[in-house]
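Engineer: Structure incoming, see below.
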Amino acid sequence: MVSLIGAMVVYWVLMSNFLFNTGKFIYNFANNVSVADLEFGTNGSERVICPFPNTGHLNCTGDGFSATDNGTGTLFDKWWHKTNTIPFYLIILLLPLLNFRSASFFARFTFLGTISVVYLIVLVTLKAARLGFHLEFHWFESTQFFVAEFRLLFPQLTGVLTLAFFIHNCVITLLKNNKVQENNVRDLSVAYLLVGLTYLYVGILIFASFPSPPLTKDCIEPNFLDNFPSSDIMVFVARACLLFQMTTVYPLLGYLVRVQLMGQFFGNHYPR
């Protein structure tokens, strides 16, 4: 139950991020707003950003790099703010969807998640091919862009992986509606395998291809799409697809929480 509620909080944060950047792209495109001066390129192929350049051992602003700003102080930036307004806009969108009695309607859109994942893999592959690999392992000499093979903060990764794979246990509730129950073990095993391979593929390629130098690997965001400017069309499409996908998945998570909570206290999944 705690993991499900935590997953809903994480989804809310991610959807706020995707909605903010999607709206920002549309606004800039409609008003011909150029943010090129706030971005910096790498070897003339792809532009990347370091949202928080002072968090690592390299101060990107000191080398002519600067992080993108949330806005220029316009009225749009005031009402379209990533943390102050966007999370509340999501309430208007998601609250009616959470009141659906059955989750079967949203389950029909789950196939779009496969399309989003395939597009994300294609996007990562293209970005990695254009950026190239940037890895420097110097074990016996001190370098500015040294990548440590082991860090004391590694338990953070185990926590993320635990949450990610635990959420997939929720699929068991949906598998109860399968026509051929004998295939549930096979289907669930294949699903876990594909999910694990997807995590590894995306994570390794993004880490290896992130341009270091001139940046540092510490600039890589938990949501790696934030390392690309909002004006990137391919990243915009990825954010829009993921926003729609998560909008359809979120009511499913809410349904699973309701089933467990209401069933425990009231003995009915939808008490009257």
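The values are calculated or read from the model by the stated rules, or taken from the named source; none is laboratory data. Keep in mind it's a predicted model, so treat the numbers as computed, not measured. Virtual Cβ from ideal backbone geometry, glycine too; neighbours counted across all protein chains shown. Please note that ligands, DNA and RNA were not included when accessible areas were found on the heavy atoms of the full protein model with its side chains. Shrake-Rupley method; radii C 1.70, N 1.55, O 1.52, S 1.80 Å.
Engineer: Among the residues of the range 123-150, write down those that are at pLDDT 70 or above, outside any helix (DSSP H, G or I) and surrounded by fewer than 13 Cβ atoms within 10 Å (Cβ to Cβ).
Structural biologist: 133, 135, 136
Engineer: Please indicate, with yes or no, whether at least one residue in the range 214-225 is more than 14 Å from the chain's Cα centre (by Cα) and open to solvent by 30 Å² or more (accessible area, probe 1.4 Å).
Structural biologist: Yes, because at least one residue in the range 214-225 is more than 14 Å from the chain's Cα centre (by Cα) and open to solvent by 30 Å² or more (accessible area, probe 1.4 Å).
Engineer: Scanning the range 227-266 for residues that are of a type outside the set (A, V, I, L, M, F, W, C), under 19 Å from residue 122 (Cβ atoms) and not in a loop (DSSP other than H, G, I, E, B), which turns out modelled with the highest pLDDT?
Structural biologist: 239
Engineer: Right, another one. Hey, residue 240 hits all of (1) touching a Leu at 6+ places or on another chain (Cβ under 6 Å); (2) under 30 Å from residue 28 (Cα atoms) but one; which does it fall short on?
Structural biologist: Answer for residue 240: the failing condition is (1).
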